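Trainee: Quick one: the structure is below, questions incoming.
The values are calculated or read from the model by the stated rules, or taken from the named source; none is laboratory data. What you see is a predicted model, and the numbers here were worked out from it, not measured in a lab. Every residue, glycine as well, gets a Cβ built from its backbone with ideal geometry; the counts of neighbours run over all protein chains shown. Each accessible area value is taken on the protein alone, full model and side chains, heavy atoms only, with ligands, DNA and RNA left out. Shrake-Rupley method; radii C 1.70, N 1.55, O 1.52, S 1.80 Å.
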Amino acid sequence: MEGTRSFKFVLNSIVFLTVFGFACGNNLRYHDYMINPLGNLQRKLEAQKAIQPFLSSKPFLEWTSQLSKQSLLKRANQVDLRKLNDTAPVTDSNPINTFLQNVLGQLTNTFQNNTSSNGVGDAFQNLFNGVLGSLSAGGDQAKASNGSQNGSPAGSFGNFLQNITQNTNGIGNLITSMLGANGGKGGATSGMNLGNILQLLSGGNVDPSTIGNILMSFLNGAVQGTNASTACQGDFIKVIKGLQNMEAWALKFLDASAKIPTDLLNLNLNWYGSYDECYSDSTFLESFGILHNTQTPVKGQYCNTNLNLPLPPEVKGILMVALQNSGYIKAGICFPKSCSTDDLLQIVNAFLNSIPLGDNKVTAWPITCPVPADEDTLETDTIVVVIFLAIVLLIILEGTLYDVIVNIRSKRNQENVEENGKPAENGKPTENEKPMENGNSYPENKYKLRAENGDIQHTQPTDKHAQKPGIVGRLVLCFSAYTNGKKILGTSQPKGSLTAVNGIRFLSMSWVILGHTLVFVLGNTSNMLQYYNEFGSRAASQSIFNAPFSVDSFFVLSGLLTSYLLLKQMKKTKGSVNWGLYYFHRYWRLTPVYMIVIGMYVTIYPHLIYGPNKQTSDQICKDFWWKNLLYIDNFFGIKDLCLGWSWYLNNDMQFYILSPLLIVPFFFNQIIGITVSVVFLLAATITPGVLSYVKDFPVHFLGGGPKDTDRAAYFEDYYIVPYCRMGPYICGVITGYILYKTKCKCRMNIFVNLLGWAVATATACGCLYGIYNTVRPDNPVYLSREVTALYNGVSRTAWGAAVCWVIFACSTGNGGFINTLLSWKAFVPLSRLTYCAYLVHPLVMYVYYFNWNFPLYMTDLDLVYLFLGNLVVSYGIAFIVSIAFESPFMGLEKIMFGGLGKKKK
């Protein structure tokens with residue numbers, strides 16, 4: 001019990017001198033969440049269990065015993081509170097005199113009690129005689145010293161007190177002598193340090209107001225003992241004096257900084273203050289007239305820091321393994337505006353070093369101060385991006401206006417034809433024509449493989465008198481919001497489309513957003529561990545925790561559509577493929593909008609967040625954006641990963657580059673095609689299993705599998721690399737070949753059909769819920785390396801095979817009501833927006849969550865509301881991004897290569 005009380009004393013001592021709150025890093029890395037997507041919750045639970053044996057061990061008891069001997073409150077516990085409560089209020093007009101009289105009274109008692117024992121009285125007498133000379137108004141120090149030596153101790157102290165009360169200008173010198181400030185290092189290493197003061201005051205004979213004055217004086221001396229700038233020191237001293245005088249603006253500094261919160265037993269190391277109050281000009285109590293200001297206020301700034309606790313190496317090791325945190329408190333402080341981060345480091349550490357913990361010191365590092373909204377300025381690159389977006393907006397407005405004019409003219413010409421039965425003059429469109437969209441009235445190039453699986457087919461003009469707009473007009477029409485919006489929202493699809501793909505694509509994207517909604521929000525909740533422990537204990541939670549399987553569904557769709565459409569095209573062209581255009585289309589389809597989103601993320605996004613969690617521009621993206629341009633950044637590890645969720649795009653592009661090796665053999669020889677695909681599939685299944693066994697991977701970000709697995713390596717060496725994720729893509733390629741070969745027609749016995757659905761359902765449920773017992777928060781079951789390797793090697797391919805069955809059954813008429821649901825026309829426009837929604841949805845969540853100044857108390861209802869909000873807003877922004885960038889670039893591609901179709905014909 002003594003050790004536990006001592007540990008609590010340390011925490012209270014920290015806050016007794018420095019009041020701290022929550023702080024977030026300057027920059028957010030997506031993979032920091034993905035390494036443990038629940039904000040390190042599982043690690044915290046494991047840390048609680050791991051620390052329990054240590055709390056009763058001999059090293060910990062010895063360490064707490066050492067702290068107990070030097071604890072600030074060790075003597076404070078001996079204070080008789082009844083005496084303090086009975087103490088009459090201080091009414092002296094000069095309270096500093098009263099405070100000094102009380103101090104000197106204590107010193108007199110100490111002097112008299114120690115004169116005959118060890119000479120301490122002589123030391124005190126010499127100290128005061130020295131100080132007496134410095135305080136004398138024109139007096140002689142030697143004379144005062146002699147007088148004090150020849151007289152009685154009581155007389156010496158009486159003269160000393162009289163000089164102080166008559167010469168208040170020397171009070172600062174007295175405090176400096178008492179504190180023994182150590183020349184700019186901010187520590188009191190000799191004389192009366194903080195420990196001596198608290199021991200002196202804990203005797204129970206000093207009134208509370210004197211205690212406050214002495215502590216404020218100590219802080220004043222500690223500030224002056226640092227190398228902080230003069231302006232910073234001056235403002236700090238003003239704040240200290242303001243607190244002594246109960247100034248409203250000074251109390252705001254204290255109130256805006258956080259105190260020790262609840263939930264410490266659950267390792268709550270994120271302490272919030274009030275960002276808004278720190279920057280506010282006044283508070284409600286001031287407006288109500290309860291608090292008043294008599295001095296000019298000091299402007300404040302909210303800063304973030306990490307408080308590194310003096311924990312034993314054994315505890316730090318446990319926390320580092322379990323939490324990736326060596327035992328620091330993320331804290332926020334309201335500081336004077338005039339202080340730089342270097343000034344704050346000196347002053348805060350001066351306060352912390354004054355805590356009498358022996359060799360165990362609390363340190364603060366780093367300290368960062370987010371830029372408030374009224375001081376935020378746009379950098380040059382941000383201004384360039386804003387100008388670019390403004391130009392694009394003007395082009396869109398011009399294209400939309402031009403499109404409307406063309407449609408109005410076309411409608412009038414049609415009316416003239418209906419009335420006169422003649423085509424319009426001057427080459428205007430006739431009754432047989434329809435308005436052109438994006439200038440694409442000419443035949444579409446047949447080489448293109450549409451990932452959207454359903455561009456609107458345009459009716460070709462048949463009237464020989466009709467004329468197309470010129471090249472400039474067609475370019476402008478590519479940016480028409482009216483035409484692009486109509487195209488995105490249209491529900492018509494080409495004949496022979498795989499309609500169930502639309503539903504699978506949208507539902508998979510919704511699943512991704514649901515998983516990220518839970519993952520990202522838990523780090524900003526006040527009941528983080530409790531909610532996770534309760535939620536994760538349900539078996540149904542695995543359907544959200546295993547949302548990463550949704551990405552494997554995307555790989556299946558990509559491989560299936562690439563295979564199915566390429567084989568159909570090769571059949572029409574008798575095996576001839578323009579491979580340059582094959583790769584160019586894919587690159588052009590993905591890259592422009594991808595690069596634009598990265599540009600907005602680096603420049604505009606940091607200016608959308610204000611508060612404790614404000615971030616700086618992502619330097620990784622500034623330095624290594626070219627890796628994203630080449631789709632290779634997943635090979636360089638997580639530290640250099642720009643736009644972390646783009647790892648999926650890298651893998652998908654890499655699979656697309658290799659896809660001809662899998663697809664072309666199918667066209668010329670079925671046996672060779674099957675052999676090649678099986679070899680690739682075996683390699684993509686065995687490789688992750690072997691890596692899992694050798695590198696000791698867990699089965700999930702949460703952990704699971706063997707004990708003490710390497711979760712960071714799981715993300716970097718397994719989750720984002722193509723050779724561990726290609727299995728579902730190959731399953732899609734094989735399924736695409738089967739659909740091509742059967743022409744989407746396959747009669748199936750009802751029992752065979754039901755058996756297929758049963759096997760696919762059981763396989764998918766096994767992938768989702770099979771690892772529940774090993775990742776559950778309470779009493780997880782550890783798996784062997786062999787079982788873990790088997791799951792990591794087979795699970796994603798098995799999931800891909802289950803999804804392939806769903807597509808095959810729905811496309812061949814064996815899907816029943818499931819096909820009816822997945823082929824719902826409302827999914828068609830939503831599926832077209834999936835790519836842009838994937839790019840922007842994490843930024844939508846970041847902007848919303850990181851603008852919170854206080855944590856959320858999480859419930860299931862909150863999760864539902866957050867998910868629906870994130871889903872709707874993400875798709876709304878995706879619609880805007882698609883109209884502004886994605887659709888125009890697709891239209892530009894048709895203009896560049898549209899003539900190839902006519903030449904071939």
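Trainee: Using the Karplus equation 6.51 cos²θ - 1.76 cosθ + 1.60 (θ = phi - 60°), what ³J(HN,Hα) coupling, rounded to whole Hz, does each residue of region 523-529 give in order, writing x for Gly and Pro?
Mentor: x, 10, 10, 8, 10, 4, 5
Trainee: I632 to D778: extension gain in nm, 0.36 nm per residue of separation minus the Cα-Cα distance?
Mentor: Values: separation 146, 0.36 × 146 = 52.56 nm, distance 3.93 nm.
Stretched fully, the I632-D778 segment lengthens by 48.6 nm.
Trainee: Give me the compactness ratio for region 761-838, meaning the Cα radius of gyration over 2.2 N^0.38 Å. Can you show the working numbers first?
Mentor: Details: Rg = 17.2 Å, N = 78, 2.2 N^0.38 = 11.5 Å.
My calculation over the Cα atoms of region 761-838 gives 1.49.
Trainee: Which of the peptides 285-297, 859-871 is most tightly packed, and how do the rest follow, judged by the mean count of other Cβ atoms within 10 Å per residue?
Mentor: On the way: 285-297: 12.0, 859-871: 15.1.
Taking the mean over residues of other Cβ atoms within 10 Å, the ranking is 859-871, 285-297.
Trainee: Residues with beta-carbon under 13 Å from that of C278, excluding C278: net charge, scoring Lys, Arg +1 and Asp, Glu -1? Kindly include the intermediate steps, with their values, before the conclusion.
Mentor: On the way: positive: K252, K299, K337; negative: D255, D276, E277, D281.
Once all neighbours under 13 Å are counted, the net charge is -1.
Trainee: Going highest first, how would you order 250-256, 821-827, 274-280 by mean Cβ packing within 10 Å? Each step should come with its number before you reach the end.
Mentor: Values: 250-256: 20.7, 821-827: 16.6, 274-280: 19.1.
Top of the packing list down: 250-256, 274-280, 821-827.
Trainee: Starting with the highest mean, order 377-389, 530-542 by the number of other Cβ atoms within 10 Å, averaged over the residues of each peptide.
Mentor: Values: 377-389: 13.3, 530-542: 17.0.
Descending mean neighbour count gives 530-542, 377-389.
Trainee: By how many nm would the segment from D374 to L682 grow when fully extended, if each residue of separation counts as 0.36 nm and the alpha-carbon distance is taken off? Write out the running numbers ahead of the final one.
Mentor: Values: separation 308, 0.36 × 308 = 110.88 nm, distance 5.85 nm.
Between D374 and L682, full extension yields 105.0 nm more.
Trainee: For V472 and W588 in one chain, what is 0.36 nm times their gap in residues minus the Cα-Cα distance, to one decimal in nm? Write out the running numbers ahead of the final one.
Mentor: Working: separation 116, 0.36 × 116 = 41.76 nm, distance 2.07 nm.
39.7 nm is the gain from fully extending V472 to W588.
Trainee: Further question: Report the label-to-label distance for D381 and D862 in nanometres (one decimal), using points 7 Å from each Cα along the Cα→Cβ vector.
Mentor: About 3.5 nm separates the two model spin labels.
Trainee: Sticking with this one: Could you state the number of Å between the C-alpha centres of region 343-416 and region 229-278?
Mentor: Using only Cα atoms, the two centres lie 29 Å from each other.
Trainee: Could you tell me the center-to-center distance, by alpha carbons, between region 673-738 and region 580-650 in angstrom?
Mentor: 24
Trainee: Report the convex hull volume per residue for region 613-722, counting only C-alpha atoms, in Å³. Could the numbers behind the result be given before it?
Mentor: Values: hull volume 13.3 nm³, N = 110.
Taking only Cα atoms, region 613-722 has a hull volume of 121 Å³ per residue.
Trainee: What nm distance separates the two modelled labels at V392 and D708, each placed 7 Å from Cα along Cα→Cβ?
Mentor: Distance between label points: 5.1 nm.
Trainee: Can you give the FRET efficiency to the nearest 0.05 for T262 and V690, using r as the Cβ-Cβ distance and R₀ = 41 Å? Please list the in-between numbers first.
Mentor: Working: r = 47 Å, r/R0 = 1.15.
The calculated FRET efficiency here is 0.30.
Trainee: Note down the net charge around V694, summing +1 for each Lys or Arg and -1 for each Asp or Glu among other residues with Cβ under 15 Å from its Cβ.
Mentor: Values: positive: K695, R785; negative: D696, D710, E716, D717, E786.
Net charge around V694: -3.
Trainee: What percentage of the solvent-accessible surface of region 604-724, computed with a 1.4 Å probe over protein heavy atoms, is contributed by carbon and sulfur atoms?
Mentor: Working: 3240 of 4600 Å².
C and S atoms contribute 70 percent here.
Trainee: Okay, moving on. Return the subset of K627/K707; K741/K825; K486/K574; K568/K825 for which the Cα-Cα distance in this structure is over 32 Å, preserving the input order. It would help to have the intermediate numbers written out before the result.
Mentor: Numbers: K627/K707 35 Å; K741/K825 26 Å; K486/K574 35 Å; K568/K825 24 Å.
With Cα atoms farther than 32 Å apart: K627/K707; K486/K574.
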